[in-house]
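Colleague: Provided herewith is a single structure, encoded as structure tokens, for subsequent inquiry.
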Amino acid sequence: MTADSAQPAIVIARRLSKRFGKREVVREVDFEVLPGRCFGFLGPNGAGKTTTLRMILGVSPITAGELRVFGESMPAAARSARRRIGVVPQADNLDPDFTVAENLRVYASYFDLPARAVMGQVRELLEFAGLSERAEARIDALSGGMKRRLTIARALINDPELLILDEPTTGLDPQARHMIWGRLRELIRAGKTLLLTTHYMEEAERLCDELVIMDHGRILTRGSPAALVQEYVEPEVLEIRGQLERVRELLAGVEGCRAESLGDTCYCYSADARPLIQCLEGRSGITFVHRPAGLEDVFLRLTGRELRD
Amino acid sequence: MPDWRLPRLRHPALAVWRRNVLVWRRLLGPAIVMNMGEPLLMLLGLGYGLGLFIGQMGGMPYLTYVASGIVASSCMNSASFEAMYSVHTRMVPQQTYASLLVTPLEVDDILAGEMLWGATKGTISGVTIILVAGALGHVHPWTALPAVPALLLVGLCFTGPALVMSALSPSYDFFNYYQTLALMPMFVLSGVFYPTDSLPQAVQWLPQVLPLSHAVALLRPLVAGQPMHDVALHGAVLALYAASGYYAAVVLVRRRLLV
């Protein structure tokens, strides 16, 4: 997978594993993150995504395997690696005792960057995050979206080469998510390398150049979102609801259609959905949606449809 | 498997100390009232109340005697409370440490910053008592100036073990144990109010191992302007508590946060 040999990977993991007692959380994963790309970890809760990120940051001991960040072995090089990394954690941990601007200035001091040296940068980052007007506001006066944007701005204070985002838009409303996606794409265009975890397919589809799908600590597959869709699922999907017994009978008469049920919905995957649509049209008690296949279909196919906690 | 490596002391710890100073400056009013209120009442109540009956103790007016003891005990309380309640707040509910640990800072640096900050808070408390006793005319603040570096050492000595409590605490309630089983007995048994040699023979050894006795023995002559004894011994005991507390806390916090 090291396609670009001229540009060494920023993160390389080989048979990387993590155990908590007897529980294997990350099992022999291999991946590499190339510079200037957005790399995604997609997986249900408990897949081992966050633990993998924590190992990359050197804040979680590695049980087995090899991990190199910026070419240096972890966790020995953790301190120097973190100097070049920005982190957006899953839960906001902004400092509630400080204002918006102070949060950036104080965070800079942890990188040994004195407040005077980062004045211009703080102004730019506040603008980038759309928070210039709120520079003197207290953290508890911010909305969830604003806090997230400030957390992203904070992660950029050391001008990192690699930005690590753990579920960057979880819990945000659609407007806030779109704004954040826009900002992240700006960063990718500016040449930063992004590493993100998510369980939102649209997020992965919109942002990631390459991703791995993880489940139960293993990497199930990897590739670009489009390539994965092409590889694992038929291009067209019909989601059918209502009277599943009758739907099943109807499906039996149609060729080239793979069906899966989840709750009250039947998902039919095929190369061409037209014969099935003709068959279903006009039938009372049955509704359906016709759409192209996406990453969500790949994801559900690979990780199964049972509920995760 | 605990990470037993010795902590390294580096200048980034100062960034953590500075952060705490900035927060404290903002909450100055309530902080000062809390720092001063209780020891001040103790000083006035015991010093004037009991002092009337006692007159002199240890070769000085009783109010001076009590004041110099309370300089030590308020330093102890201030440093301990900061290293328990405030550190727990930063470590658990506020997740401040989580945000620090993904910067170049390590547990070593964070707790070194907390050590310095706990010592700073303890020193501020001690100096406040010196100033109040000075205003009452029972201590000469200028002659007591050398007490400041001693207060820093005393502050470090009590911050260390309190950090261990924070590293172990599942919740704020846990600190009640330490307060009731360690801080309170020390307050009563360490010569703050009376000389420890008046204790029964059988427990004479006890004050010898309590850090507060050594803090009082170090600070009292400095505050009262009397000749000092056994400075090296007292200093060594205080430094030992500080260093072993810090080291144990670093190992325990690594185990707790770096999982």
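What follows is calculated from the coordinates using simple rules that are stated; it is not laboratory data. Computed from a predicted model, the values in this text were never measured in an experiment. Every residue, glycine as well, gets a Cβ built from its backbone with ideal geometry; the counts of neighbours run over all protein chains shown.
Colleague: Measure up A:Lys18/A:Lys192; A:Lys49/B:Lys121; A:Lys49/A:Lys147 against 30 Å on the Cα-Cα distance and list the ones that go over.
Modeller: Values: A:Lys18/A:Lys192 28 Å; A:Lys49/B:Lys121 41 Å; A:Lys49/A:Lys147 23 Å.
In this structure, A:Lys49/B:Lys121 exceed 30 Å between Cα atoms.
Colleague: Expressed as a fraction of 2.2 N^0.38 Å, the rule-of-thumb size for a compact globular protein of N residues, what is the C-alpha radius of gyration of region B:13-258?
Modeller: The value comes to 1.01.
Colleague: Then there's this: Using only the Cα atoms of region B:75-117, build the gyration tensor, take square roots of its eigenvalues as a ≥ b ≥ c, and label the shape rounded, prolate or oblate: rounded if a/c is under 1.5, else prolate if a/b is larger than b/c, else oblate. Walk me through the numbers on the way to the answer.
Modeller: Numbers: a/c = 4.10, a/b = 1.56, b/c = 2.64.
Verdict is oblate for region B:75-117.
Colleague: Can I ask one more? Shape call for the protein assembly as shown from the C-alpha gyration tensor, a ≥ b ≥ c root eigenvalues: rounded (a/c under 1.5), prolate (a/b greater than b/c) or oblate?
Modeller: Details: a/c = 2.78, a/b = 2.69, b/c = 1.03.
It is prolate, given that a/c is not under 1.5 and a/b is the larger ratio.
Colleague: Calculate the mean, over all residues of peptide B:14-20, of how many other protein chain Cβ atoms lie within 10 angstrom of the residue's Cβ.
Modeller: Working: counts 2, 9, 2, 0, 4, 8, 1.
The mean count of partner-chain Cβ atoms within 10 Å per residue comes to 4.
Colleague: What's the local net charge at B:Arg8, with K and R +1, D and E -1, over the other residues with C-beta under 12 Å away? Display every interim value, and only then the final one.
Modeller: On the way: positive: A:Arg79, B:Arg5, B:Arg10; negative: B:Glu106, B:Asp108, B:Asp109.
Charge balance in the 12 Å sphere: 0.
Colleague: Between B:Met57 and residues 5 or more places away or on another chain, which pairs have amide H atoms under 5 Å apart, with H built 1.01 Å from N, and which residues are they?
Modeller: The list, which skips near neighbours in sequence, is B:Tyr62.
Colleague: If you fit an axis through the alpha-carbon atoms of helix B:211-224 and take the longest principal axis of the Cα set of chain B, what angle between them do you get, 0 to 90°, nearest 10?
Modeller: It works out to around 50 degrees.
Colleague: Let me ask something else about it. Dipole size in debye (nearest 20) for chain A around its Cα centre, Lys and Arg Cβ +1, Asp and Glu Cβ -1?
Modeller: Numbers: 42 positive and 44 negative charges, 180 e Å.
Taking the Cα centre of chain A as origin, the dipole is about 860 debye.
Colleague: Relative to the Cα centre, what is the charge dipole magnitude of region B:13-258, using +1 at the beta carbon of each Lys and Arg, -1 at the beta carbon of each Asp and Glu, and rounding to the nearest 20 debye? Intermediate values should be presented prior to the final figure.
Modeller: Details: 10 positive and 9 negative charges, 95 e Å.
Dipole size: approximately 460 debye.
Colleague: Could you give the size of the charge dipole of region A:124-195 about its Cα centre, using +1 on the Cβ of each K and R and -1 on the Cβ of each D and E, expressed in debye and rounded to the nearest 20?
Modeller: Working: 11 positive and 11 negative charges, 33 e Å.
Rounded to the nearest 20 debye, it is 160 debye.
Colleague: Within region A:1-102, list the trypsin sites (Lys or Arg not before Pro) lying in a DSSP loop whose Cβ has at most 12 other Cβ atoms in a 10 Å radius.
Modeller: Loop-located and lightly packed - A:Lys22.
Colleague: Taking H as built 1.01 Å from N, whose amide H comes closer than 5 Å to the amide H of A:Val87, not counting residues under 5 places away?
Modeller: A:Ile164
Colleague: Over all Cα pairs of chain A, how is the pair count split among 10 Å bins, expressed in % and running from 0 up to the last occupied bin?
Modeller: Binned Cα distances yield the sequence 6, 24, 28, 22, 13, 6, 2, 0.
Colleague: Okay, moving on. Counting partner chain Cβ atoms within 10 Å of every residue's Cβ in A:104-111, what's the average? Intermediate values should be presented prior to the final figure.
Modeller: Numbers: counts 0, 1, 5, 5, 2, 8, 14, 5.
That average works out to 5.
Colleague: Taking +1 at the Cβ of each Lys and Arg and -1 at the Cβ of each Asp and Glu, which of B:Leu136, B:Tyr172, B:Leu14 sits farthest along the dipole of region B:13-258 towards its positive end, judged by Cα position relative to the Cα centre?
Modeller: B:Leu14
Colleague: Under the rule that an exposed site lies in a DSSP loop and has at most 10 other Cβ atoms within 10 Å, name the longest stretch of chain A with no GluC sites (Glu not before Pro) of that kind, not counting the sites themselves.
Modeller: Numbers: sites that count: A:Glu136, A:Glu255, A:Glu281, A:Glu306.
Here the longest segment lacking exposed loop sites spans A:1-135.
Colleague: Per-residue mean of other chain beta-carbon atoms within 10 angstrom of the beta-carbon, peptide A:197-208?
Modeller: Values: counts 0, 0, 0, 0, 0, 0, 0, 0, 0, 0, 0, 0.
Counting other chains' Cβ atoms within 10 Å and averaging over A:197-208 gives 0.
Colleague: Provide the percentage of antiparallel DSSP beta bridges, counting only those with both residues in chain A; round to the nearest 5. Can you show the working numbers first?
Modeller: Values: 38 of 56 bridges.
The antiparallel fraction comes to roughly 70 percent.
Colleague: Then there is this: Compute the longest continuous run of chain B that contains no exposed chymotrypsin sites (Phe, Trp or Tyr not before Pro); treat a site as exposed when its DSSP state is not H, G, I, E or B and it has at most 16 other Cβ atoms within 10 Å. Provide the component values of the computation, followed by the final result.
Modeller: Working: sites that count: B:Trp4, B:Trp142.
Counting at most 16 other Cβ atoms within 10 Å as exposed, the longest clean stretch of chain B is B:5-141.
Colleague: Nearest 500 deg cm²/dmol is fine: what mean residue ellipticity at 222 nm does the protein assembly as shown get from its DSSP H runs of n ≥ 4 alone, each adding -39,500 (n - 2.57), divided by its residue count? Before the final figure, lay out the partial values.
Modeller: Values: 24 runs with 275 residues, N = 568.
The helix contribution divided over the protein assembly as shown gives -15000 deg cm²/dmol.
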